[in-house]
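Participant: This structure is in structure tokens; I'll ask about it shortly.
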Amino acid sequence: MTKLEMPIADNTLPNPAEKPASAGTALSIGGVSHCYGARRALDNVSFTVAPASFTALLGLNGAGKSTLFSLITRLFRVQTGRIGIFGHDIGRAPGEALRRMGVVFQPRTLDLDLSVAQNLLYHAALQGIDRHEARLRAGEVLSRIGLADRSGSKVRDLSGGQMRRLEIARALLHRPRLLLLDEATVGLDVKARADILGHVRQLVSEQGIGALWATHLFDEIVCSDDVVVLHQGRILACGQVSRIVADAEARDLHSAFARLTETAAGSAGAAP
């Protein structure tokens, strides 16, 4: 049976000089770097995600988005820097931090041979939710995402978009205040992509959830969104779309991204 394991705490000692993340900030990334041997995948990455906000983490494949998600969820140990979730440092208090967060990873992690409801109940058990409460919550989230009528269906009989919606429902079972989604629409058709994106935006506006949406698709981002531009492990720009476009003296986000990455490539080439 496939299951999503939550990583256990390590014995890394935090730097006592570091300031704690603000409890009013959904996600705080401060000076995070990560290396795979000699290759630096992330280089001094810093940004925040506010509660009740939609933040797009924009970067091409290989930019470091999945590495960053692995650090936030403690699949990888933080080598340098710090990560906080609603004021709880991921190194000092991993349990308190992780229980405030729901995650939808890019690879599918559902058990295809179980029903929709069974997948949710199994995950609820892993989260320590008793069976009666789990059934109530499963019914709530399935109604919210429009899958109440598929509760008894095998997951393998769902469409790709329905599977993604089920993974979002599963991530919401323990009622997190921060939702991370790593390339959640990969492999879906245009309508399914729009449905998933619309559902996440609705969660932000109606339930006050903070969302970090990792993507390489420009059409998934709107002008009012906050955007973090990640390229080759470095943050090139951070802020609302309109500001990033204006600062880059570009006509839209796509052309702003092109200018930012070209400038970064030129700077790297000129470095001694």
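The values are calculated or read from the model by the stated rules, or taken from the named source; none is laboratory data. What you see is a predicted model, and the numbers here were worked out from it, not measured in a lab. Neighbour counts run over all protein chains shown; Cβ positions are idealised from the backbone, glycine included.
Participant: Does the range 131-150 include one or more residues that are closer than 17 Å to Arg164 by Cβ, at pLDDT 95 or above and among the β-branched types (Val, Ile, Thr)?
Facilitator: no
Participant: Scan the range 187-212 residue by residue and report those that are among the hydrophobic types (A, V, I, L, M, F, W, C) and either touching a strand residue (DSSP E or B) at 6+ places or on another chain (Cβ under 9 Å) or free of Cβ contacts under 8 Å to residues at least 24 places away in the same chain (or both).
Facilitator: If we filter the range 187-212 for residues that are among the hydrophobic types (A, V, I, L, M, F, W, C), which is where we start, we get 188, 190, 192, 194, 196-197, 200, 203-204, 209, 211-212.
Correct list: Val190, Ala194, Ile196, Leu197, Val200, Leu203, Val204, Ile209, Ala211, Leu212.
Participant: Moving on to the next point. Assess whether Phe69 counts as being in contact with an Asp or Glu (Cβ under 7 Å, 6 or more places away or on another chain), modelled with pLDDT of 95 or more and aromatic (Phe, Trp, Tyr). Break it down into steps so the answer makes sense when it comes.
Facilitator: Details: in contact with an Asp or Glu (Cβ under 7 Å, 6 or more places away or on another chain): yes; modelled with pLDDT of 95 or more: yes; aromatic (Phe, Trp, Tyr): yes.
Judged against the criteria, Phe69 is a match.
Participant: Just to verify a result, which residue in the range 189-199, among those that are in contact with a helix residue (DSSP H, G or I) (Cβ under 7 Å, 6 or more places away or on another chain) and hydrophobic (A, V, I, L, M, F, W, C), is farthest from Phe54 (Cα to Cα)?
Facilitator: Looking at the filtered set, the residue picked out is Ala192.
Participant: Which of (1) modelled with pLDDT of 95 or more; (2) surrounded by 20 or more Cβ atoms within 10 Å (Cβ to Cβ) is the odd one out, the single condition Gly81 does not satisfy?
Facilitator: Going through the list (1) modelled with pLDDT of 95 or more; (2) surrounded by 20 or more Cβ atoms within 10 Å (Cβ to Cβ), Gly81 breaks only (2).
Participant: I'd like the residue in the range 159-169 that is surrounded by 18 or more Cβ atoms within 10 Å (Cβ to Cβ) and either among the hydroxyl-bearing types (Ser, Thr, Tyr) or in contact (Cβ under 8 Å) with a residue 60 or more places away in the chain (or both) and, out of all such residues, is farthest from Gly95 (Cα to Cα).
Facilitator: Looking only at the range 159-169, we keep the residues that are surrounded by 18 or more Cβ atoms within 10 Å (Cβ to Cβ), and these are 161-169.
Next, only the ones that are either among the hydroxyl-bearing types (Ser, Thr, Tyr) or in contact (Cβ under 8 Å) with a residue 60 or more places away in the chain (or both) stay: 164, 167-168.
On the way: Arg164: 26, Glu167: 21, Ile168: 21 Å.
Among those residues, the one meeting the criterion is Arg164.
Participant: Would the range 101-115 turn up any residue that is in a strand (DSSP E or B), in contact with a Phe, Trp or Tyr (Cβ under 7 Å, 6 or more places away or on another chain) and under 16 Å from Ala171 (Cβ atoms)?
Facilitator: Pass one, the range 101-115, residues in a strand (DSSP E or B): 101-104, 115.
From what's left, in contact with a Phe, Trp or Tyr (Cβ under 7 Å, 6 or more places away or on another chain): none.
For the range 101-115, residues in a strand (DSSP E or B), in contact with a Phe, Trp or Tyr (Cβ under 7 Å, 6 or more places away or on another chain) and under 16 Å from Ala171 (Cβ atoms): absent.
Residues checked against (1) without any contact (Cβ under 8 Å) to a residue 12 or more places away in the chain; (2) over 21 Å from Asp43 (Cα atoms); (3) touching a helix residue (DSSP H, G or I) at 6+ places or on another chain (Cβ under 9 Å); (4) surrounded by fewer than 16 Cβ atoms within 10 Å (Cβ to Cβ):
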{"site": "Asp225", "(1), (2), (3), (4)": "no, yes, yes, no"}
{"site": "Val229", "(1), (2), (3), (4)": "no, no, yes, no"}
{"site": "Gln232", "(1), (2), (3), (4)": "no, no, yes, no"}
{"site": "Ala237", "(1), (2), (3), (4)": "no, no, yes, no"}
{"site": "Val241", "(1), (2), (3), (4)": "no, yes, yes, no"}
{"site": "Asp247", "(1), (2), (3), (4)": "yes, yes, yes, yes"}
{"site": "His254", "(1), (2), (3), (4)": "no, yes, yes, yes"}
{"site": "Ala258", "(1), (2), (3), (4)": "yes, no, no, yes"}
{"site": "Gly266", "(1), (2), (3), (4)": "yes, no, no, yes"}
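Participant: Which numbered condition trips up Thr185, out of (1) among the hydroxyl-bearing types (Ser, Thr, Tyr); (2) under 30 Å from Gly64 (Cβ atoms); (3) assigned to a helix (DSSP H, G or I)?
Facilitator: (3)
Participant: Taking the conditions exactly as written (over 25 Å from Thr109 (Cα atoms), of a type in the set (A, V, I, L, M, F, W, C) and either outside any strand (DSSP E or B) or modelled with pLDDT of 95 or more (or both)), does Ile29 satisfy them or not? Even if it seems obvious, please write down each step before you answer.
Facilitator: Values: over 25 Å from Thr109 (Cα atoms): yes; of a type in the set (A, V, I, L, M, F, W, C): yes; either outside any strand (DSSP E or B) or modelled with pLDDT of 95 or more (or both): yes.
Taking the combined requirement at face value, the residue satisfies it.
Participant: Moving on to the next point. If I ask for residues that are part of a helix (DSSP H, G or I) and surrounded by fewer than 18 Cβ atoms within 10 Å (Cβ to Cβ), which ones from the range 201-213 would you list?
Facilitator: Going residue by residue through the range 201-213, those that are part of a helix (DSSP H, G or I) are 201-207.
If the condition is that a residue be part of a helix (DSSP H, G or I) and surrounded by fewer than 18 Cβ atoms within 10 Å (Cβ to Cβ), then Arg201, Gln202, Ser205, Glu206, Gln207 are the ones that fit.
Participant: Can you go through Arg99, Arg156 and tell me which one is in contact (Cβ under 8 Å) with a residue 12 or more places away in the chain, closer than 29 Å to Thr25 by Cα and among the basic types (Lys, Arg)? Break it down stepwise before answering.
Facilitator: On the way: Arg156 fails: closer than 29 Å to Thr25 by Cα.
The match here is Arg99.
Participant: Here's something else I'd like to know. Looking at this structure, is Arg74 basic (Lys, Arg) and either farther than 20 Å from Arg177 by Cα or touching a strand residue (DSSP E or B) at 6+ places or on another chain (Cβ under 7 Å) (or both)? Reasoning before the result, please.
Facilitator: Numbers: basic (Lys, Arg): yes; either farther than 20 Å from Arg177 by Cα or touching a strand residue (DSSP E or B) at 6+ places or on another chain (Cβ under 7 Å) (or both): no.
No.
Participant: I'd like to know if the range 214-231 contains one or more residues that are more than 17 Å from Ala256 (Cβ to Cβ) and either part of a helix (DSSP H, G or I) or aliphatic (A, V, I, L, M) (or both). Full working, then the answer.
Facilitator: Initially, the range 214-231 is screened for residues more than 17 Å from Ala256 (Cβ to Cβ), giving 214.
Now narrow it down to the ones that are either part of a helix (DSSP H, G or I) or aliphatic (A, V, I, L, M) (or both): 214.
Yes, the range 214-231 contains a residue that is more than 17 Å from Ala256 (Cβ to Cβ) and either part of a helix (DSSP H, G or I) or aliphatic (A, V, I, L, M) (or both).
Participant: For the range 235-260, what are the residues that are touching a Lys or Arg at 6+ places or on another chain (Cβ under 8 Å), farther than 20 Å from Ala214 by Cα and aliphatic (A, V, I, L, M)? Write out each step before concluding.
Facilitator: Applying the first criterion (touching a Lys or Arg at 6+ places or on another chain (Cβ under 8 Å)) to the range 235-260 yields 245, 248-250.
Subset that is farther than 20 Å from Ala214 by Cα: 248-250.
Residues satisfying the conditions are Ala248, Ala250.
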